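S.K.: Structure incoming, see below.
The values are calculated or read from the model by the stated rules, or taken from the named source; none is laboratory data. As the structure is a prediction and not an experimental result, all values here were calculated from the model. Cβ coordinates were reconstructed from backbone atoms using ideal geometry, including for glycine residues, and neighbour counts include every protein chain displayed. Quick note on the areas: whole protein, heavy atoms, side chains included, nothing else; ligands and nucleic acids left out. Shrake-Rupley method; radii C 1.70, N 1.55, O 1.52, S 1.80 Å.
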Amino acid sequence: MATRAAEGGAAKKGVTTEGNNNRRALGDVSNLVNTRVIEGKPVVVPHRPITRSFGAQLLAKAEAAAAAAVAANKKLETHVADGVMVRKAKVVKSKVPAVPKPKPEVTEISPDTEEAILKLEAMKITTTKETTKEGKKSRKPVQTFTSVLTARSKFACGLNERPEEKIEEIDACDKDDQLAVVEYVEDIYTYYKIAETACRFHQDYLGTQTEINEKMRGILADWLVEVHTKFELMPETLFLTQHIIDKYLSMQMVSRRELQLVGISAMLIACKYEEIWAPEINDFICISAKMYSREQVLAMETTMLNKIDWCLTVPTPYMFLVRFIKAAMADKELEHMAFFYAELALMQYSLTRCCPSMIAASAVYAARCALNRTPCWNATLKRHTGFSEDQLMDCAKLLAFSHSMVEGSKLKVVYRKYSGSQCGAVALHPPAEKLLHDDMT
């Protein structure tokens with residue numbers, strides 16, 4: 001009983017016992033008494049009544065401190081920033097030792113490039129806006145130190161600000177055409193690029209031939225173009241025929257008398273491979289003025305197939321030409337002109353050193369130059385052909401030179417073919433002056 005009474009008395013005085021530290025006096029919470037408890041021991045706070053004069057003194061001190069803080073925050077300092085006078089409110093902060101900023105490294109630019117740098121910097125300047133109490137006001141453009149360094153660095157590295165040229169999606173219109181095989185057409189031409197190197201023949205094979213020269217090869221090619229036109233064969237057949245001839249002549253010695261036999265046998269093989277209705281052997285015998293018998297044609301056909309290991313699935317310039325014409329977004333006139341240059345290339349022995357894809361790309365490039373199509377070469381053609389304009393220049397110059405000389409040449413079959421209305425009379429166009437001028441210079 002005595003203990004409980006003592007605890008009750010302590011509670012009334014706002015003092016907690018050591019055994020029950022969590023129990024505090026109600027008077028301490030409500031701040032109704034002047035008793036405090038510190039580390040379990042009661043501390044009596046002396047009572048100090050606030051008189052009227054003492055209250056007025058406290059109020060005056062509080063107002064003075066507030067006025068001093070407002071005055072300190074409203075102090076203004078004037079400084080120069082980027083050549084513009086700006087008044088800025090100074091904020092009172094704790095004094096912290098300033099850390100010196102590292103000096104930026106400046107790339108030295110020669111005086112000759114100063115004008116170009118200033119132009120590049122002017123393109124980078126933008127008009128900034130600052131918000132004020134009155135609203136948004138525009139501020140004069142300012143050349144910051146960072147923008148100057150960025151512009152100079154890009155100029156020194158040779159970077160330009162022109163956007164990259166867009167590459168057209170040439171297969172977008174054929175997505176619903178199953179024969180266009182849009183899903184893997186890129187893989188097909190990637191394989192053609194690899195296969196054209198493996199299927200190449202010896203470039204200077206006429207150097208090993210004793211009775212055949214470059215002129216005789218051109219006469220044979222010109223005659224085969226005429227036979228191809230007379231029989232109304234597919235263009236694939238003509239290009240495959242010439243490939244078979246070049247491949248066989250690079251591997252086998254042929255006499256002058258058998259050269260035409262090699263030509264008609266090669267076309268017979270190509271017709272059996274490409275055509276649905278191939279001409280008969282008697283047709284080739286008649287077209288060659290019956291210089292050879294049926295047995296001779298069949299024997300030469302067998303010999304040639306065995307010599308070239310029956311390798312007939314090869315990428316010819318025609319396969320690439322179809323794709324590159326599509327990449328050029330060509331109309332009929334450009335298409336005829338490209339085929340005109342491609343068939344002129346068949347008679348040029350010097351172009352056998354070029355791969356089929358380069359011949360096809362050069363034909364498209366020369367055709368665009370002859371028809372004054374601008375630009376002559378773009379990002380889409382470069383993407384799908386794999387050749388830049390500089391890489392095609394030598395081959396295209398040879399094609400343009402052939403065009404300029406074909407009218408006065410004795411081998412005019414290709415010229416007459418593409419001078420007709422069925423081919424748009426593209427051969428009558430003047431050759432590309434750009435290529436001929438570059439060749440002369």
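S.K.: Could you tell me the relative contact order of segment 241-393? Use alpha-carbon pairs under 8 Å, at least six residues apart, and round to a whole percent.
M.R.: Relative contact order, segment 241-393: 20 percent.
S.K.: Efficiency by 1/(1 + (r/R0)^6): what FRET value for S288 and A425, r their Cβ-Cβ distance, R0 = 30 Å, to the nearest 0.05?
M.R.: Working: r = 30 Å, r/R0 = 1.01.
It comes to 0.50.
S.K.: Show me 407-413, 387-393, 361-367, 63-69 ranked by packing, highest mean number of other Cβ atoms within 10 Å first.
M.R.: The densest-packed peptide leads the list: 361-367, 387-393, 407-413, 63-69.
S.K.: Provide the FRET efficiency to the nearest 0.05 for the H437-S153 pair, computing r from the beta carbons and using R0 = 30 Å.
M.R.: Calculated value: 0.15.
S.K.: How much of the accessible area of segment 215-256, probe 1.4 Å, is carbon plus sulfur, in whole percent?
M.R.: Here carbon and sulfur together make up 55 percent of the probe-accessible area.
S.K.: Where only protein heavy atoms count, and the probe is 1.4 Å, what is the accessible area per residue for segment 201-265 in Å²?
M.R.: With the other protein chains kept in place, segment 201-265 gives 44 Å² per residue.
S.K.: Could you calculate the contour length gain from L298 to D187, that is, 0.36 nm times the residue separation minus the distance between their Cα atoms, to one decimal place in nm?
M.R.: Here the answer is 36.2 nm.
S.K.: Then there's this: For segment 318-403, what is the accessible area per residue in Å², given a 1.4 Å probe and the full set of protein chains?
M.R.: Working: 2860 Å² over 86 residues.
Spelled out: the 1.4 Å probe surface of segment 318-403, per residue, equals 33 Å².
S.K.: A60 versus M329, label points 7 Å from Cα toward the beta carbon: distance in nm?
M.R.: 8.9
S.K.: Also, quick follow-up: Using only Cα atoms, figure out Rg for segment 192-231 and give it as a multiple of 2.2 N^0.38 Å.
M.R.: On the way: Rg = 13.9 Å, N = 40, 2.2 N^0.38 = 8.9 Å.
Rounded to two decimals, the normalised Rg is 1.56.
S.K.: Of the listed peptides 420-428, 182-190, 247-255, what is their order by residue-averaged count of other C-beta atoms within 10 Å, with the highest listed first?
M.R.: 247-255, 420-428, 182-190
S.K.: Further question: Distance between Cα centroids, segment 384-430 to segment 182-203: provide it in whole Å.
M.R.: If we compute the Cα centre of each part, the gap is 25 Å.
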